[in-house]
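Trainee: Shown below is the structure under consideration.
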Amino acid sequence: MDGSGNINFLKKTSSDHLPRKEILDALPLHLRELIQGLPSSLWNSMEEIRLRTNQPLLIHSLNKDIFVYSNGGIGSEISKAYVVTKLDLEKTFQLVTDYSVYALEEDIKKGFITIRGGHRVGISGRTVMNGSAIKTIKDISGLNIRISRQKIGISDAYMEHIVASNNIFRNTLIVSPPQCGKTTLLRDMVRNLSNGMIKRGFQGFKVGVVDERSEICGTYQGIPQNDIGIRTDILDACPKAEGIMMLIRSMSPQIIATDEIGKLDDVLAIEEALNAGVKVLTTVHGHSLDEVSKRPNLRKMMEENIFERIIILSNQPRVGTIQSILDGKTKVPLL
């Protein structure tokens, strides 16, 4: 709890996974030497490492950019920053693809690669088209290493709001601006729902996860790198609308979880899931419930009060702040 009365769930660090080796292994030696000496406090809060051709080497942490200096220091003086070269990009790309670009072509054309540990490496460069479809990305000009850091237990205190005492899950929507911890919270809720929490009075559910961007489960070579529970089935790198229908047909889930809905196809698939008696846990980008409710594709769903619980996240006063948990029908705050 902070001074405003809001709760900051990302403060929990006792069981955090520190991904230093996995990240360092994805960098060429001289960049590895610059990064590995960074303070532990920065490693604990690091969200992204940005490499752009002929631009400063950047770390994004606690909602701000930090330059990595040529001498291994850090700060805000751009004149001291290490400037990333084209060769740096080429060598890093070779490492993150394990020198096998062809084998990862399907991932590359989607704009990202998942590496060991579940970390996602975003790619920018020259797209090569095959008709109207992207075939691959070449002449890499930027890489964004997004650090996946699972936080076990951050949802424990909130599960009583989304699971009724008679073992019934309440359809739940997490509303959050970008990079405020929504996927981290979603992931831990999936883990708890799948495993069950006897102390909270509910058994485990069969959970199906449609992980379109490979961020929830962090699947690497078919194995989830994050703990997402013992009763969870995953469709990795699968479009949400198609994945929801596939899970309904094949895996008999009680709950379907997915991230960042917004397209009309997503909404229609969620409605199909609800009509089939399947519950839904999902997230949406937005700064407020009012903003989300005004979007054309989401308006009908919000007016019909499909979601029984709505969790509002914020980055104020800091990233990972739960502003409120609302009753989806009355919009009355429960927390």
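The values are calculated or read from the model by the stated rules, or taken from the named source; none is laboratory data. What you see is a predicted model; the values in this text were computed from it and never measured. When we count neighbours, we look across all protein chains shown, and the Cβ atoms used for this are built from the backbone with ideal geometry, even at glycine. SASA here: full protein model, heavy atoms, side chains in, ligands and nucleic acids out. Shrake-Rupley method; radii C 1.70, N 1.55, O 1.52, S 1.80 Å.
Trainee: Just the accessible area per residue of region 156-327, please: how many Å² with a 1.4 Å probe?
Mentor: Per-residue accessible area for region 156-327 comes out at 40 Å².
Trainee: Round to the nearest 10 and report in Å² the accessible area of TYR158, as given by a 1.4 Å probe over the protein chains' heavy atoms.
Mentor: For TYR158, the solvent-accessible surface is approximately 20 Å².
Trainee: Okay, next question. Could you calculate the FRET efficiency of GLN221 with ASN297 from 1/(1 + (r/R0)^6), where r is the beta carbon distance between them and R0 is 22 Å, rounded to 0.05?
Mentor: 0.05
Trainee: Cross-link partners among lysines for LYS263, C-alpha distance below 25 Å, same-chain residues fewer than 8 apart left out?
Mentor: LYS109, LYS110, LYS135, LYS182, LYS240, LYS279, LYS294, LYS300, LYS329, LYS331
Trainee: Another one. Once the cut-off is 23 Å, how many percent of the Cα-Cα pairs in region 156-327 end up in the long-distance tail?
Mentor: 34 percent
Trainee: Separate question: Are there GluC sites (Glu not before Pro) in region 281-332 that DSSP puts in a loop and that have at most 14 other Cβ atoms within 10 Å, and which ones? Intermediate results must be reported in sequence, preceding the final value.
Mentor: Working: sites: GLU291, GLU303, GLU304, GLU308; in loops: GLU304, GLU308.
Those that pass, being in a loop and sparsely packed, are GLU304.
Trainee: Please identify, among LEU87, LEU173, LEU58, the residue showing maximal mean-square fluctuation in a Gaussian network model of the chain using a 10 angstrom Cα cutoff.
Mentor: LEU87
Trainee: Taking every DSSP beta bridge that has both residues in the chain, what percent is antiparallel when rounded to the nearest 5? Intermediate results must be reported in sequence, preceding the final value.
Mentor: Working: 43 of 64 bridges.
Rounded to the nearest five, the antiparallel share is 65 percent.
Trainee: Next up: Which ³J(HN,Hα) values, rounded to whole Hz and listed in residue order, are derived for region 125-140 from phi using the Karplus coefficients 6.51, -1.76 and 1.60 in 6.51 cos²θ - 1.76 cosθ + 1.60 with θ = phi - 60°, glycine and proline given as x?
Mentor: x, 8, 7, 10, 9, 10, x, 9, 9, 6, 8, 6, 10, 10, 6, 4
Trainee: Whole-Hz ³J(HN,Hα) for each residue in region 187-196, computed from phi via Karplus 6.51 cos²θ - 1.76 cosθ + 1.60 with θ = phi - 60°, x for glycine and proline: what do you get?
Mentor: Going residue by residue, I get 4, 6, 5, 4, 4, 5, 5, 5, 7, x Hz, with x marking Gly and Pro.
Trainee: For region 229-242, in order, what is each residue's ³J(HN,Hα) by Karplus, 6.51 cos²θ - 1.76 cosθ + 1.60 with θ = phi - 60°, in whole Hz (x at glycine and Pro)?
Mentor: x, 8, 10, 9, 10, 10, 10, 8, 6, 10, x, 4, 4, 5
Trainee: Roll a 1.4 angstrom probe over the protein heavy atoms and tell me the percent of accessible area of the chain that is carbon or sulfur.
Mentor: 50 percent
Trainee: Residue farthest toward the positive end of the dipole of the chain, with Cβ of Lys/Arg at +1 and Asp/Glu at -1: which of ILE270, PRO224, TYR69?
Mentor: Towards the positive end, the residue furthest out is TYR69.
Trainee: Next up: So what does log10 I(q)/I(0) come out to for region 185-246 at q = 0.27 Å⁻¹, using the Debye formula with one equal point on every Cα and no solvent?
Mentor: Result of the Debye calculation: -1.12.
Trainee: How large are Rg and Dmax for the chain when only the alpha carbon atoms are used, in Å?
Mentor: Final numbers for Rg and Dmax: 20.5, 61 Å.
Trainee: Say we join alpha carbon atoms closer than 10 Å with springs in a Gaussian network model of the chain; which of SER194, SER79, SER176 then has the biggest fluctuation?
Mentor: Checking each option, the largest mean-square fluctuation is seen for SER79.
Trainee: Moving on to the next point. With a Förster radius of 25 Å, plug the Cβ-Cβ distance of ASP265 and LEU104 into 1/(1 + (r/R0)^6) and report the FRET value to the nearest 0.05.
Mentor: Values: r = 26 Å, r/R0 = 1.05.
Step by step, r from the Cβ atoms, then E = 0.45.
Trainee: Hey, got the Cα dimensions of region 20-146 along the principal axes, in Å, largest first?
Mentor: Principal-axis extents of the Cα atoms in region 20-146, largest first: 45, 29, 27 Å.
Trainee: What FRET efficiency do you get for SER250 and VAL332 if R0 is 45 Å and r is their Cβ-Cβ distance, rounded to the nearest 0.05?
Mentor: It comes out at approximately 0.75.
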